[in-house]
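**Q** Have a look at the structure that comes next, please.
All of the numbers you see were taken from the coordinates with simple rules; none came from a lab. Please read these numbers as outputs of a predicted model, since none were measured by experiment. When we count neighbours, we look across all protein chains shown, and the Cβ atoms used for this are built from the backbone with ideal geometry, even at glycine.
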Amino acid sequence: MEGERESFLPEFISGDFDSIRPEVKEYYAIKGCEIISTPDQDHTDFTKCLELLQKKIEEKDLQVDVIVTLGGLGGRFDQIMASVNTLFQAMCITSVPIIIIQEESLIYLLQPGKHKMHVATGMEGDWCGLIPVGQSCNHVTTTGLKWNLTNNMLGFGTLVSTSNTYDGSGVVTVETDHPLLWTMAIKN
Amino acid sequence: MRGKLKYCLVVLNQPLDKCVRHLWSKALLRACADGGANRLYDTMEGERESFLPEFISGDFDSIRPEVKEYYAIKGCEIISTPDQDHTDFTKCLELLQKKIEEKDLQVDVIVTLGGLGGRFDQIMASVNTLFQAMCITSVPIIIIQEESLIYLLQPGKHKMHVATGMEGDWCGLIPVGQSCNHVTTTGLKWNLTNNMLGFGTLVSTSNTYDGSGVVTVETDHPLLWTMAIKN
């Protein structure tokens, strides 16, 4: 945001600060952004940031439909996986749904149960998928996809749904017995 | 790939890392999966004839027509694998294994370039191919892109030498697919001692080495090892 930084001031910046440049930290501190150190090495900066965000949501008594996260799906492979893990940990941090977006990819963790997604908003790209990241999902049923599942098992080494797409109905439903990662293309 | 390591090379459809130049000539076999051929063609402009793969395979929905024609004219085998139930990468490995057997080659490792960036579903598909590879070939497969490497550790004990000079700072153990209930490591800064690794519970990321130069990992289920490499 060089040249227009003042129009893009975050409410807070948090982390263990091993990445933020000193002049950047100073700039935002001077501009009144809260700088919150979260040194705990057992959790990622992202996870700790969500905890703080949830606290502020509660303090301000805000109604929040979704937390949109930009970044996290590219670069170091271990950190991509850490982003996915944060979505699992988020179940215990906040009840607000969290989506992660980077470039043309979006991911969202579907909890066990039934889900309905509207996929004809004009923001959707061509592809989508269902990734059983943490464990196999033994009973997955979908509608609205080109290749639907009917009480199928999804699991690494068995079946992972990638390069899937939509059937044109504009609605996708997913029923799963275990947490299942939904991923889709978005027009950025 | 120092010394006498015998390896094959697979190029996937992602920006091609410079290390391909060092890896190409000593590879026993080289293959491109579909759009991987575009990457090779574009990256090697001016010296394409020195970088001709043994074969290019895929459903060919990504390879550009002029690229396909170029390599066909140059004598590279062009093999259509239209099966939509498996990815181009998986099918390429099947063909590679066939050729390894036909030529009775001794291969220590299959090095795959690409697969860890871009579309998230395709990153996950690359990981899934490592699981499927257990039934395709007994040759270990590593996937490399930019500074990341991944390798699927089968249940059992593993020993890795991590002081070759090619290692970067970080490493991790990712229980993709299922929790690993009993994981024990040595040689890491944060070791595991009969711990459980699982998404939502514990995933080892941003780990590093203790300086001993050797990492051992014992696991009861397939466990994805990932590390930084100097590219």
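**Q** If I take R0 = 51 Å and measure r between the Cβ atoms of B:Lys157 and B:Ser50 in this structure, what FRET efficiency does the formula 1/(1 + (r/R0)^6) give, to the nearest 0.05?
**A** Numbers: r = 41 Å, r/R0 = 0.81.
That gives a FRET efficiency of 0.80.
**Q** Tell me the label-point distance for the pair A:Ser19, B:Ile79, using the 7 Å Cα-to-Cβ offset, in nm and rounded to one decimal.
**A** For the pair A:Ser19/B:Ile79, the computed spacing is 4.1 nm.
**Q** If I take R0 = 41 Å and measure r between the Cβ atoms of A:Lys60 and A:Thr143 in this structure, what FRET efficiency does the formula 1/(1 + (r/R0)^6) give, to the nearest 0.05? The partial results should precede the final answer.
**A** Details: r = 38 Å, r/R0 = 0.93.
That gives a FRET efficiency of 0.60.
**Q** Then there's this: Mind scanning B:Lys74/B:Lys98; A:Lys55/B:Lys230; B:Lys26/B:Lys68 and naming the pairs with a C-alpha gap bigger than 29 Å? Don't skip to the end; give the middle numbers.
**A** Values: B:Lys74/B:Lys98 22 Å; A:Lys55/B:Lys230 40 Å; B:Lys26/B:Lys68 24 Å.
From the list (B:Lys74/B:Lys98; A:Lys55/B:Lys230; B:Lys26/B:Lys68), the Cα-Cα distance tops 29 Å for A:Lys55/B:Lys230.
**Q** Now for a separate question. Could you give the size of the charge dipole of region B:39-109 about its Cα centre, using +1 on the Cβ of each K and R and -1 on the Cβ of each D and E, expressed in debye and rounded to the nearest 20?
**A** Numbers: 9 positive and 18 negative charges, 25 e Å.
Result for region B:39-109 is approximately 120 debye, rounded to the nearest 20.
**Q** Follow-up question, since we're still on this one. With contacts defined as alpha carbon pairs under 8 Å and 6 or more residues apart, what's the relative contact order of region B:151-229 in percent? Display every interim value, and only then the final one.
**A** Values: 193 pairs, mean separation 38.9, N = 79.
About 49 percent, as a whole number.
**Q** Rounded, prolate or oblate, given the Cα gyration tensor of region B:102-193, with a/c below 1.5 counting as rounded? Before the final figure, lay out each step's value.
**A** Numbers: a/c = 1.34, a/b = 1.26, b/c = 1.06.
In terms of gyration-tensor shape, rounded.
**Q** Further question: Based on the alpha-carbon gyration tensor of region B:119-166 and its eigenvalue square roots a ≥ b ≥ c, which shape applies: rounded if a/c is under 1.5, prolate if not and a/b is larger than b/c, or oblate? Show your work: numbers first, answer last.
**A** Values: a/c = 2.33, a/b = 1.16, b/c = 2.01.
Note, shape of region B:119-166 comes out oblate.
**Q** Would you mind checking the tilt of helix B:120-133 against the longest principal axis of the Cα atoms of chain B, expressed as 0 to 90 degrees and rounded to 10?
**A** 80
**Q** Restrict the search to region A:27-100; then list the GluC sites (Glu not before Pro) that DSSP places in a loop and that have at most 16 other Cβ atoms within 10 Å of their Cβ. Intermediate results must be reported in sequence, preceding the final value.
**A** Working: sites: A:Glu34, A:Glu51, A:Glu58, A:Glu59; in loops: none.
Passing both the DSSP loop test and the Cβ count: no residue.
**Q** To the nearest Å, what is the center-to-center distance of region B:90-108 and region A:8-35, using C-alpha atoms only?
**A** That distance is 52 Å.
**Q** Would you mind classifying region B:79-137 by shape? Square roots of the alpha carbon gyration tensor eigenvalues, ordered a ≥ b ≥ c; an a/c under 1.5 is rounded, otherwise it is prolate if a/b is larger than b/c and oblate if not.
**A** Details: a/c = 2.18, a/b = 1.56, b/c = 1.40.
Verdict is prolate for region B:79-137.
**Q** Can you tell me the orientation of helix B:88-102 relative to chain B, as the angle in degrees between its alpha-carbon axis and the longest Cα principal axis, to the nearest 10?
**A** Here the helix axis deviates by roughly 80 degrees.
**Q** Now for a different question. Could you work out how far the C-alpha centroid of region B:127-193 sits from that of region A:134-188, in angstrom?
**A** Centre-to-centre distance over Cα atoms comes out at 27 Å.
**Q** Let me ask something else. Quick check on chain B: helices-only [θ] at 222 nm, where DSSP H runs of length 4 and up contribute -39,500 (n - 2.57) each and the sum goes over total residues. Nearest 500, please. Could the numbers behind the result be given before it?
**A** Details: 5 runs with 51 residues, N = 231.
Counting only the DSSP helices, I get -6500 deg cm²/dmol.
**Q** Would you mind giving the mean number of other chain beta-carbons within 10 Å of the Cβ of each residue in A:132-140, as a whole number? Intermediate results must be reported in sequence, preceding the final value.
**A** Numbers: counts 5, 9, 10, 8, 2, 0, 0, 0, 0.
That works out to 4 on average.
**Q** Further question on the same structure: Could you work out the mean count of beta carbons from other protein chains within 10 Å of each residue's beta carbon in B:194-200?
**A** Details: counts 0, 0, 0, 0, 4, 13, 13.
Rounded to a whole number, the mean comes out at 4.
**Q** May I pose another question? Treating the angle as unsigned and between 0 and 90°, give the value, to the nearest 10°, between the Cα long axis of helix A:45-59 and the longest Cα principal axis of chain A.
**A** It works out to around 80 degrees.
**Q** Could you run the Karplus curve 6.51 cos²θ - 1.76 cosθ + 1.60 with θ = phi - 60° over region A:149-159 and give me ³J(HN,Hα) per residue in whole Hz, x for Gly and Pro?
**A** Using θ = phi - 60°, the values come out as 10, 10, 6, 8, 9, 10, x, 4, x, 10, 8 Hz.
**Q** Now a separate question. For region B:151-229, what is the convex hull volume of its Cα atoms per residue in Å³? Walk me through the intermediate numbers first.
**A** Numbers: hull volume 5.9 nm³, N = 79.
It comes to 75 Å³ per residue, whole-number rounded.
**Q** Now a separate question. Report, as an integer, the average count of C-beta atoms from other chains found within 10 Å of each Cβ along B:166-176. Please report the intermediate quantities before stating the final value.
**A** Details: counts 0, 0, 1, 1, 4, 1, 6, 2, 8, 5, 9.
Going residue by residue through B:166-176 and averaging, the value is 3.
**Q** Let me spell out the model: positive unit charges on the Cβ of Lys and Arg, negative unit charges on the Cβ of Asp and Glu, origin at the Cα centre of region B:1-132. What dipole size does that give, in debye rounded to 20?
**A** Values: 17 positive and 21 negative charges, 135 e Å.
Taking the Cα centre of region B:1-132 as origin, the dipole is about 640 debye.
**Q** Expressed as a rounded percentage, what relative contact order does chain B have, with Cα pairs under 8 Å and six or more residues apart? Don't skip to the end; give the middle numbers.
**A** Details: 475 pairs, mean separation 41.7, N = 231.
Relative contact order of chain B: 18 percent.
**Q** Excluding same-chain residues fewer than 8 positions from A:Lys187, which lysines have a Cα within less than 25 Å of its Cα?
**A** A:Lys116, A:Lys146
**Q** Please report, in cubic angstrom per residue, the volume enclosed by the convex hull of the alpha-carbon atoms of the protein assembly as shown.
**A** Working: hull volume 71.6 nm³, N = 419.
For the protein assembly as shown, the hull spanned by Cα atoms encloses 171 Å³ per residue.
**Q** What number, in percent, do you get for the relative contact order of region A:1-111 if the mean sequence gap of Cα pairs under 8 Å and at least 6 apart is divided by its residue count? Display every interim value, and only then the final one.
**A** Numbers: 110 pairs, mean separation 24.7, N = 111.
The normalised contact order for region A:1-111 reaches 22 percent.
**Q** Using only alpha carbon positions, build the gyration tensor of chain B, then give the equivalent ellipsoid semi-axes as the square roots of 5 times its eigenvalues, largest first, whole angstrom.
**A** Values: eigenvalues 206, 68, 50 Å².
For chain B, the semi-axes come out at 32, 18, 16 Å.
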